[in-house]
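Here the structure is laid out as structure tokens; the discussion comes afterwards.
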Amino acid sequence: MTQDEMKKAAGWAALNYVKPDTIVGVGTGSTVNHFIDALATMKGQIQGAVSSSVASTEKLKQLGIEVFDSNEVDGLDVYVDGADEINAQRDMIKGGGAALTREKIVAAMSKTFVCIVDGTKAVDVLGKFPLPVEVIPMARSYVARELVKLGGTPEYRQGVVTDNGNIILDVHNLSIINPKELEDKINALAGVVTVGLFAHRGADVVITGTPEGAKIEE
Ligand code: 5RP
């Protein structure tokens, strides 16, 4: 089974968490793209979606799923999204696709976060995948210096502007022993919009695509 086939298995299994007549929170990335394909098979049974990126919005609309403005809805029953790394406590690194800020907002609005990954994303300690940080452009150098003080090696993601008009610093060489503490410290830096550590709001359900099919942990 290829990595993409494992992503597909996880994405389609997440359909079991979508309740009829609800608005569904939809994340971003190649695993979520499989989920969106699956969601399209029940588009007549759901009200629509709130999306975490321009890319997902376009795909949802192409498949005939209505996309709501997040300000128009009171809350969401379920949010389905991928991750770049996830640990046993269900803390995650996200933002490989630069959509971390909107992902954090939609996750915060949702009762249940269903994380869909292939088996390569599971780690003991977060940090091998460079930690994305969305930063206001004028704060780029200041935030980079502060991230060095926190023990990381930030790298400017060249040529990338987020859906919110900001830049991304990818922080290498971190071994994240206390994800909640690091999430707080980085979020407190002036000019940081969002850090891609999802520890305060981690996943509630993890669906892992494996060669044997989707493994569900609730
Ligand atoms: C985008 C994300 C994605 O969820 C993460 O990068 C995983 O992507 P993929 O499903 O393509 O492996 O956080 O900002």
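Summary of computed values
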| item | result |
| --- | --- |
| Search result, residues across the range 69-83 that are away from the ligand (no atom under 16 Å from the Cβ) and either part of a loop (DSSP other than H, G, I, E, B) or of a type in the set (D, E, K, R) (or both) | Asp69, Glu72, Val73, Asp74, Gly75, Asp77 |
| Checking Val54 against (1) modelled with pLDDT under 95; (2) within 10 Å of the ligand (Cβ to nearest atom), the condition it does not meet | (2) |
| Thr112 touching a residue at least 60 places away in the same chain (Cβ under 8 Å) and among the hydroxyl-bearing types (Ser, Thr, Tyr) | yes |
| 2 or more residues more than 11 Å from the ligand (Cβ to nearest atom), under 18 Å from the mean Cα position of the chain (by Cα) and buried (at least 18 other Cβ atoms within 10 Å of the Cβ): qualifying helices (runs of 4 or more DSSP H) within the range 84-199 | 179-187 |
| Search result, residues across the range 186-218 that are touching a Phe, Trp or Tyr at 6+ places or on another chain (Cβ under 9 Å) and among the acidic types (Asp, Glu) | Asp204 |
| Residues of the range 43-68 that turn out to be touching a residue at least 12 places away in the same chain (Cβ under 8 Å) and either open to solvent by less than 80 Å² (accessible area, probe 1.4 Å) or in a helix (DSSP H, G or I) (or both), as a count | 17 |
| Residues located in the range 26-42, provided they are open to solvent by 20 Å² or more (accessible area, probe 1.4 Å) and within 16 Å of the ligand (Cβ to nearest atom) | Thr28, Gly29, Ser30, Asn33, His34, Asp37 |
| Lone unmet requirement of (1) touching a Phe, Trp or Tyr at 6+ places or on another chain (Cβ under 6 Å); (2) over 25 Å from Ala190 (Cβ atoms) for Val117 | (1) |
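The rows are residues; the columns are (1) among the β-branched types (Val, Ile, Thr); (2) over 12 Å from Ile116 (Cβ atoms).
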{"residue": "Thr2", "(1), (2)": "yes, yes"}
{"residue": "Met6", "(1), (2)": "no, no"}
{"residue": "Trp12", "(1), (2)": "no, no"}
{"residue": "Ile36", "(1), (2)": "yes, no"}
{"residue": "Thr41", "(1), (2)": "yes, yes"}
{"residue": "Ile46", "(1), (2)": "yes, yes"}
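The values are calculated or read from the model by the stated rules, or taken from the named source; none is laboratory data. All figures in this text were calculated on a predicted structure; none of them were measured in a lab. Here the Cβ is made from the backbone with ideal geometry for all residues, glycine too, and neighbour counts use every protein chain on show. Only protein heavy atoms, including side chains, enter the accessible area calculation; ligands, DNA and RNA are left aside. Shrake-Rupley method; radii C 1.70, N 1.55, O 1.52, S 1.80 Å.
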